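**Student:** If you scroll down you'll find the structure; I have some questions about it.
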Amino acid sequence: SPSNLDIAYLPWTPLAGGLLTDKYLGADGKVLPKEEWPAGARHALFARFMDRFRSPLSVEAIEGYAAVARDEKCSLATLALKFCRSRWFATSTIMGATSLAQLKENLDAFEADEAPLSDEALRRIDELHLRCQNPIMSI
């Protein structure tokens with residue numbers, strides 16, 4: 001981007017290794033205890049897999065973003081990817097999926113006819129970011 005010394009931004013792991021998806025959340029929007037994580041999910045299979053995303057501050061952020069997603073009537077993954085899409089300086093986004101259903105959900109967030117996040121959602125995301133800055137460094 002011209003205002004950024006022509007250096008593009010490329011979000012990597014925008015779904016926090018899967019934690020910014022609904023599969024690790026309970027019906028109340030809270031991160032499930034580890035023993036209740038879905039069998040076969042990466043964080044359940046590999047004890048140290050991206051454990052930086054499981055710090056108390058990261059959990060607070062995840063739960064806050066889940067509340068925003070619920071109010072936007074979209075999945076947590078869709079919220080995260082739409083946020084990446086909303087950043088004018090992001091030239092692309094690196095994402096992964098382990099099933100066709102996950103891939104479809106991820107790609108749908110980038111469809112041209114998909115509504116962007118509301119100004120209220122973006123405001124709440126900014127507030128969460130200020131409260132939980134760089135939560136992966138809080139281990």
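The values are calculated or read from the model by the stated rules, or taken from the named source; none is laboratory data. What you see is a predicted model; the values in this text were computed from it and never measured. FYI the Cβ positions are ideal-geometry reconstructions off the backbone, even for glycines, and counts take in every protein chain you see. To get the accessible areas, we keep the full protein, side chains included, count just its heavy atoms, and leave off ligands, DNA and RNA. Shrake-Rupley method; radii C 1.70, N 1.55, O 1.52, S 1.80 Å.
**Student:** From the phi of every residue in segment 55-63, what ³J(HN,Hα) in whole Hz does the Karplus formula 6.51 cos²θ - 1.76 cosθ + 1.60 yield, where θ is phi - 60° and glycine or proline is x?
**Tutor:** 3J(HN,Hα) across segment 55-63, in whole Hz: 5, x, 5, 5, 4, 4, 5, 4, 5.
**Student:** Regarding segment 79-131, what whole-number volume in Å³ per residue does the convex hull of its Cα atoms give?
**Tutor:** That works out to 99 Å³ per residue.
**Student:** Let me ask you something else. How large is the accessible surface of Cys74 in square angstrom, using a 1.4 angstrom probe and rounding to the nearest 10?
**Tutor:** Surface accessible to solvent at Cys74 totals approximately 30 Å².
**Student:** Right, something else. Could you give the angle, 0 to 90 degrees to the nearest 10, between helix 119-131's Cα long axis and the longest principal axis of the Cα atoms of the chain?
**Tutor:** Between the helix axis and the principal axis of the chain, the angle is about 60 degrees.
**Student:** Mind listing the phi-derived Karplus ³J(HN,Hα) values for segment 38-45, rounded to whole Hz, using 6.51, -1.76 and 1.60 with θ = phi - 60°, and x for any glycine or proline?
**Tutor:** x, 4, x, 6, 3, 5, 7, 6
**Student:** For segment 17-137, restrict the atom set to alpha-carbon positions and state the Rg and Dmax in Å.
**Tutor:** Taking only Cα atoms of segment 17-137, I get Rg and Dmax of 14.1, 39 Å.
**Student:** Please give the per residue accessible area of the chain, computed with a probe of 1.4 Å over protein heavy atoms only, in Å².
**Tutor:** I get 60 Å² per residue for the chain.
**Student:** Right, here's the next one. What is the angle, in °, between the Cα long axis of helix 76-86 and the longest principal axis of the Cα atoms in the chain? Nearest 10 is fine, range 0 to 90.
**Tutor:** Computed tilt is about 20 degrees.
**Student:** Order of 58-68, 31-41 by packing, highest average Cβ count within 10 Å first?
**Tutor:** Top to bottom by mean Cβ count within 10 Å: 58-68, 31-41.
**Student:** Separate question: For Leu25, what residues show an amide H to amide H distance below 5 Å, using hydrogens built from the backbone and excluding near sequence neighbours?
**Tutor:** Leu32
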